[in-house]
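No lab work stands behind these numbers, since they all come straight from the coordinates. No experiment lies behind these values; they were computed from the predicted model shown. As a convention, Cβ positions derive from the backbone with ideal geometry for all residues, glycine included, and neighbour counts pool all protein chains shown.
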Amino acid sequence: MIEFQGVSYRYSSSEENVLKDINLKIAQGDWVALLGHNGSGKSTLAKLMNGILMPTKGQVFVNGVLLNEETVWEIRHEVGMVFQNPENQFVGTTVIDDVAFGLENMAIPREEMESRIDESLKVVGMTDYKLQEPYRLSGGQKQRIAIAGVLAMMPQVIIFDEATTMLDPSGRKELLETMKYVREKRDITFVSITHDLNEAVWADRVIVLEDGAIWFEGTPQTLLEKRESLQSTGLRPPFVAQLTDELRKNGITFEQQPLHHKDLV
Ligand code: ADP
């Protein structure tokens, strides 16, 4: 679904590559959590997945299509993004207008637009808020509307760029429940950049970036195993310790068989 082949990226103002020779494959329907310290390259990686940025070196494929100047618009329709601050995403005066915005730009016929909006609001559980003004909603509700706006465009992939970061604990929980539900209903690939370890636990796979390179890739379970083996090396970024502690709290320990997230319900 998404493939990076030897991808490096350097901002024009940066002295060296902020992403270094990244090779990765994300399969259709996978939920991948992207973790790493601030500045490790997570957002840059996400922006390369939908053509906001183009690789300095190497190639990005989405659904088998090589990302370049000609394919960038096609790829942007396939890869939706939900950002950190819901306020910045609103353009409509009502929830419906807001969800419709992306579709209007795609010149979708009105009837189909209406059914897509209804369907998307239903999946995120916001049907009753159709005519509300978005700014009156809670943080969690705003992010659910942002997800509906992306869903209405029927993407193959949704990238959540710290989408839960600005929310209070209850909003975060609400959004995570919505994300789980959306994934049950639609075969969409999720890439979530997160510091919320509760979110990472739900991913099928975790990718940890360290200084622009992939430091770890595997299940949350194998990250735990790596931590055990790394204790002797001292190579142990603090968040890995936090993640594995969180896994333990959720009942996933080194000794157990890998758990699928459904087993945690
Ligand atoms: P993360 O999302 O993990 O915090 P980023 O991808 O935002 O990391 O940043 C990776 C590196 O690229 C950092 O060193 C950051 O300072 C640098 N960077 C990010 N955006 C820009 C930019 N627009 N111009 C120059 N350097 C940037």
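Residues with beta-carbon under 12 Å from that of MET154, excluding MET154: net charge, scoring Lys, Arg +1 and Asp, Glu -1? Intermediate results must be reported in sequence, preceding the final value.
Numbers: positive: ARG116, ARG186; negative: GLU78, GLU112, GLU119, ASP187.
Summing Lys and Arg as +1 and Asp and Glu as -1 gives -2.
Could you tell me the ratio Rg/Rh of the chain? Both radii from Cα atoms, Rh via Kirkwood.
Working: Rg = 18.7 Å, Rh = 19.2 Å.
So for the chain, dividing Rg by the Kirkwood Rh gives 0.97.
Using only DSSP helix segments of four residues or longer, with each worth -39500 (n - 2.57), what per-residue ellipticity at 222 nm results for the chain after dividing by its residue count and rounding to 500? Each step should come with its number before you reach the end.
Working: 9 runs with 98 residues, N = 265.
Calculated at 222 nm, the ellipticity per residue is -11000 deg cm²/dmol.
Going highest first, how would you order 156-163, 99-106, 128-135, 144-151 by mean Cβ packing within 10 Å?
Details: 156-163: 23.4, 99-106: 17.5, 128-135: 14.2, 144-151: 26.2.
The most tightly packed comes first, giving 144-151, 156-163, 99-106, 128-135.
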Proximal aspartates and glutamates to LYS130, defined as alpha-carbon separation beneath 14 angstrom and excluding residues fewer than eight positions away on the same chain: ASP97, ASP98, GLU114, ASP118, GLU119
Separation in nanometres of the label points that stand 7 Å from Cα toward Cβ, at LYS25 and GLU177: 3.7 nm
Nearest 5 percent is fine: what portion of the DSSP beta bridges confined to the chain is antiparallel? 50 percent
Partner lysines for LYS226 [C-alpha distance under 24 Å; skip if fewer than 8 residues away on the same chain]: LYS20, LYS25, LYS42, LYS249, LYS262
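Express the relative contact order of the chain as a whole percentage, based on alpha carbon pairs under 8 Å and six or more residues apart in sequence. Present the calculation step by step, with values, prior to reporting the outcome.
Numbers: 474 pairs, mean separation 60.0, N = 265.
Taking the mean separation of contacting Cα pairs over the length of the chain, I get 23 percent.
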